[in-house]
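The values are calculated or read from the model by the stated rules, or taken from the named source; none is laboratory data. These numbers come from a predicted model, not from an experiment. Here the Cβ positions follow ideal geometry from the backbone for every residue, glycine too, while neighbour counts run over all protein chains shown. Keep in mind that these areas ignore ligands, DNA and RNA; they rest on the heavy atoms of the full protein, side chains included. Shrake-Rupley method; radii C 1.70, N 1.55, O 1.52, S 1.80 Å.
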Amino acid sequence: MTESRNKPFFGPGKVILLLLLGLLVYGVTLLALVPAGWLWQQASGHVQLLPQVRIQQVSGRLWRGAAGAMVAGFPVRLQWQMGWPSVSSLNLPIEFSVTSAESRVDGQASVGWPDRVRLQAKGLVTVAEFEPLIRQSGGAMIEGTVAIDRIEVAVADGQLQQADGFGRWDGGQVSWPMGNQTGQARFPPMQANLETTGGGVALSVSEQGGDGPAADANILWNGMMELRVYKRMVDLAGQPWSDSAQPGDVVFRVRQPLLPGGR
């Protein structure tokens, strides 16, 4: 009768596994506790932001924090919370919210290795809050809020791969510059569709239930915007125009930077 030999519980394989597990837990804990402000100080010199964006304050931790910023002269606040990373798909989920004095957008992002980002968001934008910027660019002012039902963006290797979205406005008073005067009219409920094009993204504005665009804008990769307004928009505004013009005829066209300071 032979006597079985007792094997040690902590063999070399288990010791190595426990060490690796301990290092992983330590690394995750360290990342969770690192102050977000300290990280931004280290990284800010290597991050190139748009000229219209300035980060003013970063607080909290890397895993859950907040940042205050100025975007084209308007103060906004960004809050984020990271989820557990996926080892199988090599991505990190992040929940975020962007708020200003009267507007808010909430969403989820997925940051993948090596250079992939997908974003989904929705929210409400109070247009009057941004009146100075709209007036400065010569745009039209609308009353009330714009509901962003859906916006989806995908970026890979630093290039925009997809942009898709849909928004609604319940209608109301609209004012726009007319030389030294201001034109005004009441508009029906409108909607906007965003999609990707070969040279950038395209935004189309139309009457809800209408049969064609009232205006559209192409936002190009170089920051320029090409805007076209159709006769259909003139009809919605109740303004006089040539009887020979068709609703789909372009009556106004302009090309300008999307934000002040752009080229």
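The longest stretch of the chain left intact once loop-based chymotrypsin sites (Phe, Trp or Tyr not before Pro) with at most 13 other Cβ atoms within 10 Å are removed from consideration, loops following DSSP, is 11-220. Distance from the Cα centroid of the range 81-149 to that of the range 185-259 is 23 Å (rounded to whole angstrom).
With all protein chains in place and a 1.4 Å probe, the accessible surface of the range 41-110 carries 55 percent carbon and sulfur.
Comparing Q52, Q181, Q191 in a Gaussian network model of the chain where C-alpha atoms under 10 Å apart are linked, the largest mean-square fluctuation is found at Q181.
If I compute solvent accessible area with a 1.4 Å probe over the protein chains, what percent of it on the range 119-169 is carbon and sulfur? Looking at the range 119-169 in its full context, I get 56 percent from C and S. In the context of the full set of protein chains, the chain has a per residue accessible area of 66 Å² (1.4 Å probe).
Over the chain, Cα pairs under 8 Å with separation of 6+ residues give a relative contact order of 8 percent. Of the residues L160, G112, F74, the one whose Cα sits farthest toward the positive end of the charge dipole of the chain, with +1 on the Cβ of Lys and Arg and -1 on the Cβ of Asp and Glu, is G112. Remark: the range 235-241, residue by residue, has Karplus-estimated 3J(HN,Hα) of 5, 5, 7, x, 9, x, 7 Hz, where x stands for each Gly or Pro and the curve is 6.51 cos²θ - 1.76 cosθ + 1.60 at θ = phi - 60°. Its alpha carbons considered, the range 66-195 gives a radius of gyration followed by a Dmax of 17.8, 61 Å. The chain has equivalent-ellipsoid semi-axes of 51, 20, 16 Å, by the square roots of 5 times the alpha carbon gyration tensor eigenvalues, sorted largest first. Only helical runs count toward this figure. For the chain, summing -39,500 (n - 2.57) over DSSP H runs of n ≥ 4 and dividing by all residues gives -5000 deg cm²/dmol at 222 nm.
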